[in-house]
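Input: a single structure, listed below in structure tokens.
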Amino acid sequence: MSKGWDPGLVLSWTVAVIVAGAFCWLLGDVFWNGLGRVNWQFLTEAPRDAGRSGGIGPIIVSTMLILLVCMAASLPLGVGAAIYLSEFTDSEVGFGRMIRRSLEVLSGVPSIVFGLFGSAFFCIYLGLGFSILAGGLTLACMVLPILIRATEEGFRSVPSEYRLGGAALGMSRTRRLLYLSFPAALPSVVVGFVLGLGRAIAETAALIFTSGYVDRMPSSLFDSGRALSIHIFDTSMNVSGGEAQAYGTAVVLVFTLLSINLAASWITDRWLYRESIGS
Amino acid sequence: MRSNVLEFPDASVAKVGQSSERLNSAMTIEHLGLVYRGGHCALADVSMCIAEKQITAIIGPSGCGKTSFLQCLNRLTDLIAGSEVTGRICLEETDVTSSTIDVTVLRRRVGMIFQKPNPFPLSIRRNIELALRETNVLDKKECADIVEHVLREVGLWDEVKDRLDGPAQSLSGGQQQRLCIARAIALKPQVLLLDEPCSSLDPVSSEIVEDLLFRLRERYTLVVVTHNLAQARRISDNTAVFWTRDDAGRLIEFGPTQQVFEAARDPLAASYIQGRRG
Ligand SMILES: Nc1ncnc2c1ncn2[C@@H]1O[C@H](COP(=O)(O)OP(=O)(O)OP(=O)(O)O)[C@@H](O)[C@H]1O
Ligand SMILES: [Mg+2]
């Protein structure tokens with residue numbers, strides 16, 4: 001074995017260091033500039049002076065409501081579609097393939113396009129106006145492909161022995177689905193859910209035209225509400241002197257995102273692993 | 001077309017309760033054919049009778065359609081997209097191949113055990129309860145009684161009675177296979193189909209399962225696929241030899257086990273049994 005520099009190794013290390021470095025720099029920058037801002041008041045108070053001072057209480061609430069709408073709409077639809085795709089269609093031919101292709105295309109569509117669609121369909125055509133409901137539903141359209149993919153994968157990877165075994169015991173298709181496939185696929189559903197949530201919480205472009213900018217505390221789902229990402233965008237771009245607040249908000253957003261991702265990897269590691277060794 | 005009906009020349013003669021001399025037949029199969037998607041003909045023109053409360057062994061080289069044959073008997077072929085079954089299968093008076101029967105009821109009457117033990121990733125108790133739920137046994141006490149009864153019947157009770165709520169997949173292979181058998185007989189089937197039930201087990205577990213099959217013979221009709229000729233000879237009353245001929249799985253020899261093993265009429269079957277082919 002030669003002791004010289006292996007160019008492949010050097011290259012991969014360089015790339016790894018650059019990627020990790022960029023990530024750390026970004027995190028460091030956000031936390032360095034923003035962490036000092038975050039305290040209980042910041043998390044609960046309403047923004048004042050167009051966001052130059054005050055807190056982000058209503059914005060956190062709006063964000064949660066938007067996510068709630070998004071998940072309430074996309075979870076049943078996504079899981080239903082995934083079950084349909086994996087259990088009732090053949091993914092290689094006909095209708096199943098068509099849906100699969102459409103999903104692939106959809107998951108590559110830029111979020112601003114979803115925003116325009118949501119604005120035209122939910123806000124104008126359905127008359128929801130700028131509202132949390134419209135924003136959440138637009139996000140739902142956006143995360144559906146992610147959710148369906150992950151969940152379908154989960155259902156497809158349920159060992160066929162369970163299905164055959166269940167069928168041989170006279171279990172109907174519905175019962176096999178309910179008692180055998182679904183529990184086995186549940187970890188993937190959760191992972192898909194968390195991935196979708198992560199995508200949704202970080203979204204700005206799709207929300208600008210749908211849930212809007214209003215930074216008051218929403219009193220219903222039909223009110224406009226400002227999401228965290230939009231607040232960051234607005235305070236840093238449109239409000240002079242708002243950068244500090246933007247950093248504070250970014251800390252909250254990044255912290256939430258990191259927690260969601262950690263939860264996802266924890267679930268995959270622990271749960272999927274335990275599932276696969278079958279104890 | 002040469003008919004393959006052997007031993008029971010006219011399958012319809014062997015109807016239930018027709019003669020006290022002749023053994024009752026639990027299932028009659030007439031001119032069964034099975035084509036998989038892509039046109040692969042797994043079975044062609046298979047006709048035989050499966051005698052009630054006896055063990056019918058099915059032997060033959062790999063890929064000759066033994067598993068496919070079992071799957072036709074309880075309509076598991078329905079789960080294989082694009083497969084097509086022709087011919088007639090009767091379970092007593094029920095036409096198994098008919099599109100109007102309730103396959104879930106059929107599959108409770110004709111249970112199946114797979115080559116690889118396949119307990120569900122649940123507790124031992126839940127594995128059996130899940131099966132029972134299908135028969136609308138909902139009473140807790142009744143459920144517990146049946147669980148104990150079937151576990152005793154497969155000789156597993158003493159080994160697992162202290163860990164009924166432990167995971168079924170922590171059992172040994174042989175215990176898992178017996179659990180699967182217990183799960184199947186909890187549904188009180190008439191016929192049990194067993195696809196190489198011992199082939200993934202060690203010799204000791206295999207012997208335990210074999211003894212169990214022999215005991216079950218008193219209460220159930222068994223159809224056992226096996227690659228172990230000695231085992232087929234030891235436990236079965238009738239033996240069927242399948243063979244791939246003209247690109248299709250066919251029944252080439254069928255009769256009482258002793259006769260098949262000592263004086264097979266088909267030369268291929270005879271040489272297979274003597275270990276010279278296959
Ligand atoms: N789902 C399927 N689709 C297409 N062909 C299949 C399918 N299952 C089995 N076959 C084919 O049908 C033939 C019979 O298969 P089968 O599994 O019944 O054989 P077998 O006698 O059980 O073999 P073994 O002893 O190896 O278990 C084989 O040629 C196999 O390739
Ligand atoms: Mg087989």
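The values are calculated or read from the model by the stated rules, or taken from the named source; none is laboratory data. Everything numeric here is computed off the predicted structure, so don't read it as measured data. Quick reminder, even Gly has a Cβ in these numbers, built from the backbone with ideal geometry, and neighbours come from all protein chains shown.
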Task: strands (runs of 3 or more DSSP E) wholly inside the stretch B:26-97 containing at least 2 residues that are touching a Lys or Arg at 6+ places or on another chain (Cβ under 9 Å) and either away from ligand 2 (no atom under 16 Å from the Cβ) or within 14 Å of chain A (Cβ to nearest Cβ) (or both) - done: B:41-51, B:84-91
Open item on the list: If I filter the stretch A:142-163 down to residues being touching a residue at least 40 places away in the same chain (Cβ under 8 Å) and among the β-branched types (Val, Ile, Thr), which single residue comes out as nearest to the other protein chains (Cβ to nearest Cβ)?
Closed with: A:151
Open item on the list: Given the criteria at pLDDT below 90, surrounded by fewer than 19 Cβ atoms within 10 Å (Cβ to Cβ) and either within 16 Å of ligand 1 (Cβ to nearest atom) or under 12 Å from residue B:58 (Cα atoms) (or both), does residue B:245 qualify?
Closed with: yes
- [ ] Just need a number here: residues in the stretch B:104-117 that are in a loop (DSSP other than H, G, I, E, B) and crowded, with 24+ Cβ neighbours inside 10 Å.
- [x] 1
TODO: Note down all Cβ pairs under 7 Å where the first residue falls in the stretch B:159-174 and is among the β-branched types (Val, Ile, Thr), the second is not in a loop (DSSP other than H, G, I, E, B), and they're at least six residues apart or on different chains.
DONE: B:160/B:124; B:160/B:151
Task: Among residues of the stretch A:230-245, those that are under 22 Å from residue A:132 (Cα atoms) and surrounded by 22 or more Cβ atoms within 10 Å (Cβ to Cβ), counted - done: 5
Open item on the list: List pairs: first residue in the stretch B:117-139 and within 14 Å of residue A:183 (Cβ to Cβ), second residue surrounded by fewer than 20 Cβ atoms within 10 Å (Cβ to Cβ) and among the basic types (Lys, Arg) anywhere in the structure, Cβ distance under 8 angstrom, at least six positions apart or on different chains.
Closed with: B:120/B:126
Open item on the list: Suppose we keep only residues that are out of contact with any helix residue (DSSP H, G or I) (no Cβ under 6 Å at 6 or more places or on another chain) and of a type outside the set (A, V, I, L, M) within the stretch A:164-178. Which one would you say is nearest to the other protein chains (Cβ to nearest Cβ)?
Closed with: A:165
Open item on the list: Can you confirm whether residue B:101 is more than 9 Å from chain A (Cβ to nearest Cβ) and buried (at least 20 other Cβ atoms within 10 Å of the Cβ)?
Closed with: no
Open item on the list: Among the residues in the stretch B:117-125, are any among the aromatic types (Phe, Trp, Tyr), away from ligand 1 (no atom under 16 Å from the Cβ) and within 12 Å of chain A (Cβ to nearest Cβ)?
Closed with: yes
- [ ] Go through the stretch B:57-78 and give me each residue that's aliphatic (A, V, I, L, M) and within 9 Å of ligand 1 (Cβ to nearest atom).
- [x] B:58, B:70
Task: Enumerated helices (runs of 4 or more DSSP H) restricted to the stretch A:1-99, each holding at least 3 residues that are without any contact (Cβ under 8 Å) to a residue 24 or more places away in the chain and out of contact with any strand residue (DSSP E or B) (no Cβ under 9 Å at 6 or more places or on another chain) - done: A:7-34, A:57-83
